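The structure appears right after this line, and notes come after that.
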Amino acid sequence: MSITNQIYRKMKKLNVYGLLILFLFIFSSSYGQKKTFTGTIFVFDSIPVMNAEILISSSKQIVKSDSEGNFSFEGILNEKIKISADGFVNESQKLTGDSNFYKVNLNLKNSKKSQKLAIDSGHIKDSDQFSTLILYFKNNTDYSHYTDALQIIKDKYPGVRIEDNGVIIRGRQSINGPINAIIEIDGIIVDFDALTSLPTATIKNIKILTPSSSGMYGSRGGNGVVVVKTKQGVRK
C-alpha cells in the first residue's frame, strides 16, 4: 500500500470520528436545552381550572395556573410534568417535541365531596356553570370512549382488582384463589364474559357494592356485586 493511500485512509477515519463527536455534541446540547412550554387546564373541556399545581420533574419547580387556567414554565424535552388540584384526579404529561402548548382536561374524583372541594379550594371561578355541567354529565353519561367495561371500573373504582376471570372487590383469598364478585346487568346475573363484551356506548352507569352493602343479594353477594345499568334497561 502506498504512503498516499495510507494517509487517505487515516484522514477518512479522522473525518468519521469527527462527525460522530460533532453529532453527539449537538444531540446532548439539544436534549438538555430548556424550552418554554405553555398550556391551559380545563374541566369538562370548557371551564378553566385555576390555582392548579404543575410540578416539573427535572427542577422540582411548581407553577400554578392563573384565573383562566393558563400556565407557562421552562422545561426540558421528554421530561414529565404532574398536574394536580384538590378534588381532581392527578394528570401526567410528557413534554414531547410535537408542540409547546398543552391543553389539559382534568377529571373530577369519584367522590361526593370532590365538587365542593374543587370550589372551596379556589379552583373554579364559575361555580354555577360548573355545578350545571356536573348535573348534566351525571344524567347524560357517555362511556363510548372506553374500550370495555373493565376500563370504566378501573377508572371509577381504583381499589377494585380486575383478574383474568372476574372482578375482585375485596382481597380475601380462598384455597382455590381469589373470590370474584357477582355481576348484574339490568337486574340479571351474568358471567364475566357478558361484562367484558358489553358495548360501552350502551352503559348508563356502573356501581360497585361492597360485601357490607350487598345484603339484598344474600349469600351470593358475599364478595360484592358489580351492578351495571344500560341505557336500554333504563328505558324499559
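What follows draws every value from the coordinates through simple rules; no lab data is involved. These numbers come from a predicted model, not from an experiment.
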Can you give the percent of C-alpha pairs in segment 149-235 whose distance is more than 15 Å? 55
Among the listed pairs Lys116/Lys231; Lys103/Lys156; Lys116/Lys204; Lys34/Lys156; Lys82/Lys112, those beyond 31 Å (Cα-Cα): Lys34/Lys156
Segment 187-236-segment 78-148 distance, computed between alpha-carbon centres (Å): 26
With θ set to phi - 60° and the Karplus curve 6.51 cos²θ - 1.76 cosθ + 1.60, what are the ³J(HN,Hα) couplings of segment 41-53 in order, to the nearest whole Hz, using x for Gly and Pro? 10, 10, 10, 6, 6, 9, 9, x, 9, 9, 6, 6, 9
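Pairwise over distinct Cα atoms, reciprocal of the mean inverse distance: report the Kirkwood radius of segment 45-189 in Å, one decimal place.
So the Kirkwood estimate lands at 18.1 Å.
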